[in-house]
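Undergrad: Below: one structure in structure tokens.
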Amino acid sequence: MTSVQTAVVDTDVHCSPKALSDLSPYLDAYWRGYITEGGIALSPTQGGAYPPAVPTSGTPAPSSVDELRAGFLDVRGPQLPQLNLAVLNCTTSFHCNRNPYYEAALCRAVNDWLVAEWLERDDRLRASMVVPTLDTAAAVAEIERIGDHPRIVQVLLPVRTDAPWGNVRHRPLLRAAAERGLVVGLHAWGRIGNAPTSSGMTHTYLEDYIANSQIIVQGQVTSLVTEGVFAHLPDLRVTLLECGFSWLPTLLWRFDKDWKGVWREVPWLDAKPSETVRRHLRLTTAPAQLPRDPEQMREALDLLDAGSMLLYASDHPHDHGSGGERLLAALSDEERERVLGGNAADWYRPA
Amino acid sequence: MTSTLPMRRSAGRRTDHTIVDSDIHPHALARDILPRLSAQHRRRFETFGSRVPGPPEIYPRVRNSGFRLDSWPEGGFPGSDLQMTRDQLLDLYDVDHGILIPLQGHSWGVEQPHYAAALCGALNDWLVEEWLDREPRLRSSIAIPHESPDLAAEEIARRADDPRFVQVLLSTGGESGFGVRRYWPIYRAAADAKLPIAAHTGGLEQHRGAGWPSFYLEEHVWNGNTMASLLMSMLCEGVFTEFPTLQVVCVEGGIAWAGPLMWALDEAWPRLREDVPHLTKPPSEYIREHVWFTTQPVEEPDDPEHLEIALRHIGMNDRIMFASDYPHWDFDSPQQAPRLFPAALRRDIMGANACRLYGLPEREVAA
């Protein structure tokens, strides 16, 4: 890869409290008691998403700015582009238990922790805020409480949900984000306990991993478009994070065809689903699930219009293999510049 | 765009390629099933019917219940009348072989085990007596009580000697993922009988990870994803390694998604091998050795060349089979459908591939 002169934005950098006690300063006495007396602890596998010894999980996510600097931000070699901005994503609340009040308290604590211990300590950092998934009013209140912070650029939602994000019950949440110019990010993993596929529970991590990095997200994209979210909220921008991207063209071929057949069911759609998706969605580069054959890879990138649709993400500390490097090497200089930073700058419009 | 398949010019002059329709839906009326049930199951059927909701109850079709407007026979239901099926499909388009897929098995196969077995058995008896015995161009899938795999295996064994049953019908949504071990008696019986499994979209769609969608449009788009989930379940749970000769036909789930799925599996597998020790080679190789696709509703990019590229990436052009989906609303006619496929593949897709899988004779054309 040639040296990069462009401003680089890394749209998916993970951080996580080392233990729930890290969040104690941001929880009130009731919730501190709930946690300590109930013996509640962070899931060692993050709800099955990242078993620590699995190669794709990489190392544990950094739990402090110093750790992130020493292990990532300040360690840049020829292979790692010099970062201008990194968007922090903390998924600690994704696999929360089913108590909606606890979920809301946990999200508030994570957001306050992100602001106080990360955003205010390094100018290169931006963050996604998290919101409860079980109580729409509480999610809206949290966006109103902290969504105007100049370094919060996104509302992060799990791709595994009780009901898909296009469902009308979630609309006030999406509206609150859109009104503030916040991007809505759908990130792999999320609500535990529900079957992760159409046919029930799984027995292997590989099945969960592919479901989260390719399949479940397609249901979310279909839901957002079909339910008229973008007709209703024309300024809403949605990023799909750690959900792959190479599946998008074939989904859109199905979606456009089916829409032509049953458009009567959804008269609020005023454009082909593929046009709506290309206007309102972007996807991050990790994991990059691409053919090995260079010619086929280039064809896959052309079908996607990779130079326009992709946002660079290291997904630190997760390690999905060599696909990301192969992807960047296959892009033209102009495309690479867009993917590494230009697209994200246009999309997130960071302060 | 040009079609290499000339239209049927007139009655009596046949094109030189074989036409196999691998997805035709017959529908049994209550009066067809009741006489074929024992007294006990007949009383149950008359009293309770079927308790399993079909997909249209959850996602209503947009017009005409999802059927061709012209496919309702007097006093019947679309697919209940053999003569209408001849008139509208087999004769009209000069179909050489048609494969019946009785979707009532998707619901009936989920009932209480012995009731499910009785209903599926009656459905298969009706297919033999009213369709296969009367129409030599037809073959059928075996309807099975798929949530009672031991009884399903018995039904497969019972039908295995009738060569007109050419595959075993499965849905894509089960009480568990269809790869899990409790379903393996079905695959063992199918492999023993040298019959493919035909997984047709539908059945009990569960939570899907993202939750329940609201619209038929979403459900229909998801058909590709539910098929991908089914293949992943079979692959990861070890069906393809336990039954190395088993073939699985993906019916009505599209095709183009298979490329990105295989890329993702092959990218992840080297890093996650401890999780799936039974997979000793890249996952895409199992898919290319075990899986077939039917065409309707094939993905339609704006530029048809893009489909050709996607099919080349998948590399399974010898395992794609034409399907009309008669009598559903989105029926693909054997006359128009070839235009959807790359010219070089049309002959194989329209018939030759299916003849190879099902052991059917290709059309003989006088010199």
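Computed from the coordinates by the stated procedures, all read-outs in this text should not be read as laboratory data. Since this is a predicted model, take the numbers as computed values, not measurements. Note: ideal-geometry Cβ built from the backbone for every residue, glycine included; neighbour counts use all protein chains shown.
Undergrad: Please average, across the residues of A:318-326, the number of beta carbons from any other chain that are within 10 Å of each residue's own beta carbon, and give a whole number.
TA: 2
Undergrad: Further, regarding this structure: State log₁₀ I(q)/I(0) for region A:201-351 at q = 0.09 Å⁻¹ as given by the Debye formula over alpha-carbon point scatterers of equal weight, solvent excluded.
TA: Result of the Debye calculation: -0.30.
Undergrad: Rounded if a/c is under 1.5, else prolate if a/b beats b/c, else oblate: with a ≥ b ≥ c from the C-alpha gyration tensor eigenvalues square-rooted, which is region A:11-71?
TA: oblate
Undergrad: For region B:143-290, give me the percentage of DSSP beta bridges that are antiparallel, rounded to the nearest 5 percent. Intermediate results must be reported in sequence, preceding the final value.
TA: Working: 0 of 9 bridges.
About 0 percent, rounded to the nearest 5.
Undergrad: A follow-up question, please. Based on the Cβ-Cβ distance of B:Asp162 and B:Asp192, what FRET efficiency does E = 1/(1 + (r/R0)^6) give at R0 = 22 Å, to the nearest 0.05?
TA: Values: r = 15 Å, r/R0 = 0.69.
It comes out at approximately 0.90.
Undergrad: How do B:Phe341, B:Phe48 rank when sorted from fewest to most other Cβ atoms within 10 Å of their own Cβ?
TA: Least crowded to most crowded, the residues run B:Phe48, B:Phe341.
Undergrad: Then there's this: Charges only on Cβ, +1 for Lys and Arg, -1 for Asp and Glu: so what's the dipole of the protein assembly as shown about the Cα centre, in debye to the nearest 20?
TA: For this selection, approximately 520 debye.
Undergrad: To continue, here is another question. Over region B:237-367, calculate the relative contact order: mean separation of alpha carbon pairs under 8 Å at least 6 apart, over the residue count, as a percent.
TA: Dividing the mean separation by the residue count of region B:237-367 yields 24 percent.
Undergrad: I'm a student and want to see the number: the projected area of the Cα convex hull of region A:308-351, averaged over all directions, in nm².
TA: 3.5
Undergrad: With springs only between Cα atoms under 10 Å, which of B:Glu205, B:Glu219, B:Glu74 fluctuates most in a Gaussian network model of chain B?
TA: B:Glu74
Undergrad: First measure r as the distance between the Cβ atoms of A:Ser63 and A:Ala7, then evaluate 1/(1 + (r/R0)^6) with R0 = 35 Å and state the FRET efficiency to the nearest 0.05.
TA: E(calc), rounded to 0.05, equals 0.80.
Undergrad: For the protein assembly as shown, what does the helix formula give at 222 nm: sum of -39500 (n - 2.57) over DSSP H segments with n ≥ 4, over the residue count, nearest 500 deg cm²/dmol?
TA: So the helix-based figure for the protein assembly as shown works out to -9500 deg cm²/dmol.
Undergrad: Let me understand region A:1-115 better: what is its radius of gyration from the alpha carbons, and its Dmax, in angstrom?
TA: 16.5, 55
Undergrad: Okay, next question. On the principal axes of its Cα set, how long, how wide and how thick is chain B? Give whole Å, largest value first.
TA: Ordered largest first, chain B gives principal extents of 58, 55, 42 Å.
Undergrad: Applying 1/(1 + (r/R0)^6) with R0 = 56 Å to the Cβ-Cβ distance of A:Ala53 and B:Asp91, what FRET efficiency is obtained, to the nearest 0.05?
TA: Once the sixth-power term is evaluated, E becomes 0.35.
Undergrad: While we're on this one: State the answer as a single residue: which of A:Tyr101, A:Ser43, A:Val262 lies farthest towards the positive end of the charge dipole of chain A, with beta carbon charges of +1 for Lys and Arg and -1 for Asp and Glu, about the Cα centre.
TA: Sorting the options by dipole projection puts first A:Val262.
Undergrad: In chain A, if every C-alpha pair distance is counted and binned at 10 Å from zero, what percent goes to each bin?
TA: Histogram of Cα-Cα distances, whole percents per bin: 5, 26, 36, 25, 7, 1.
Undergrad: Using Cα pairs under 8 angstrom and six or more residues apart, how large is the relative contact order of chain A, in percent?
TA: 21
Undergrad: Okay, moving on. Which distance in nm do the two modelled labels at A:Ser21 and B:Arg42 give, with both placed 7 Å along the Cα-to-Cβ direction?
TA: 7.4
Undergrad: Tell me the relative contact order for chain B as a rounded percent, counting alpha carbon contacts under 8 Å between residues six or more apart.
TA: Computed value for chain B: 21 percent relative contact order.
Undergrad: Order of B:His220, A:His318 from fewest to most other C-beta atoms within 10 Å?
TA: In increasing order of surrounding Cβ atoms, one gets A:His318, B:His220.
Undergrad: Using the alpha-carbon centroid of each, what span in Å lies between region B:45-115 and region B:172-199?
TA: Region B:45-115 and region B:172-199 have Cα centres spaced 23 Å from each other.
Undergrad: Could I ask something else about it? Please express the shape of the protein assembly as shown as an equivalent ellipsoid: the semi-axes are the square roots of 5 times the eigenvalues of the C-alpha gyration tensor, given largest first in whole angstrom. Display every interim value, and only then the final one.
TA: Working: eigenvalues 448, 154, 105 Å².
With the √(5λ) rule applied to the protein assembly as shown, the semi-axes are 47, 28, 23 Å.
Undergrad: Going out from 0 in 10 Å bins, what whole percent of all Cα-Cα distances in region A:148-211 drops into each bin?
TA: Pairs per bin, as whole percents: 18, 43, 26, 12, 1.
Undergrad: Another one. Considering amide H positions built from the backbone, and no H for Pro or chain starts, which residues 5 or more places from A:Asp12, or on another chain, come under 5 Å of its amide H?
TA: Placed amide hydrogens put A:Val87, A:Ser314, A:Asp315 under 5 Å from A:Asp12.
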